[in-house]
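The values are calculated or read from the model by the stated rules, or taken from the named source; none is laboratory data. Since the model is a prediction, treat every value here as computed from it, not as a measurement. Cβ placement follows ideal geometry from the backbone for every residue including glycine, while neighbour counts extend to all protein chains displayed. Surface areas here come from the heavy atoms of the whole protein model, side chains and all, with no ligands, DNA or RNA. Shrake-Rupley method; radii C 1.70, N 1.55, O 1.52, S 1.80 Å.
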Amino acid sequence: MRVVVILMPRLIITGNKGLVSGRLYSQRSQLPIETCFLSRTQSDAPFGRFDLNCLDAFDYGKINHNDIVVMLAGASQPDECEKKYQESLAVNVTGTITLAEKMIQRGAKILFASSDIVYGESVITVDEATLCKPVGNYGIMKHYVEQHFLSNPSFKSMRFSLVYSQNDKFTKYLSHCARNYLQAEIYHPILRNVVYIQDIIDAVVTLAIKWESVSAPVINMGGPELLSRVDLAEIHSRLVWSELSYRSVYPGDSFFLARPKTIAMDSHLLESILERPMHTIEQAIVKEFRER
């Protein structure tokens, strides 16, 4: 009699030092699915060394048919993609497409970390059906990878807005300024539907477990409020650091060549995946600074 072994799906994360991957890593023992991490510095057994610049050394044979690969590794700073175009292209496009294709060939499914920047400037609210007009090399690279795979049922793209946590770069800057009685200089106007990191984590896990129940190939991952960084500073000064002093600074026209000023993004599909309301940023700040 033939014995069929059904392997349980694993959540495989590329990278462990980024904002989202780092939070996933810190919660790995609490997640309802086996979770493994691939990085240049240290990868979980049995995968071996992982590097988007040198994928020949990676053992694809260890990828199972039901695995969900969350592609978070890459050059994630728009300015870096402008200044180091070839290096960013090699990671964000060439390496990413190669890895995803070989993972899919092994029967895995891909959750790709894209960005709201693929929509371009959008004062009018955009949703997943809106035509993309990517801005800057970073946006163009993300959009190119999406277009390469979106007809493949084993691929879904998550378009992240600005992700909020107490450890994100901007919030750490505000914390530094408040603790040292420095006036924060805040680039303005930049408006995004800022999304709480725990909503992202919960959505990733849900998509991994309930892949077949979500037919959409693209999921907008933004929060319920369109906020500027000045808005974020004001909320933090009210809830966390009463001593915080700040002023808005216009960063110059060249700054906005790599990123739009405003991206208003609808994320009702994300809310349906979570099966609960998304956190407001006030709620997120309370959770990050008073409940953790």
| Among beta bridges that DSSP assigns inside the chain, antiparallel share in %, nearest 5 | 10 percent
| query | Where only protein heavy atoms count, and the probe is 1.4 Å, what is the accessible area per residue for the stretch 1-149 in Å²? | reply | 51 Å²
| message | Below 23 Å, Cα to Cα, which lysines can K17 reach? Residues fewer than 8 away in the same chain don't count. | response | K62, K83, K84, K109, K142, K156, K169, K172, K287
| query | Can you give the convex hull volume of the alpha carbon atoms of the stretch 169-217 per residue, in Å³? | reply | 103 Å³
| message | More than 36 angstrom separation, counting every C-alpha pair in the chain; what % is that? | response | 16 percent
| If each of S248 and I124 carries a label point 7 Å out from its Cα toward its Cβ, how far apart are those two points in nm? | 2.4 nm
| In the stretch 74-156, if every C-alpha pair distance is counted and binned at 5 Å from zero, what percent goes to each bin? | 3, 15, 25, 23, 17, 12, 5, 1, 0
| In 10 Å bins starting at 0, how do the alpha-carbon pair distances of the stretch 1-156 split up by percent? | 10, 37, 35, 15, 3, 1, 0
| query | If you wrap a convex hull around the C-alpha atoms of the stretch 100-205 and split its volume per residue, what is the figure in Å³? | reply | 137 Å³
| request: Compute the Cα gyration tensor for the stretch 195-292, then decide on rounded, prolate or oblate, letting a ≥ b ≥ c be the square roots of its eigenvalues: rounded whenever a/c is under 1.5, prolate when a/b is larger than b/c in the other cases, and oblate in all that remain. | output: oblate
| request: Return the calculated 222 nm mean residue ellipticity for the chain, to the nearest 500 deg cm²/dmol, obtained by summing -39500 (n - 2.57) across DSSP H runs with n ≥ 4 and dividing by the residue count. | output: -9500 deg cm²/dmol
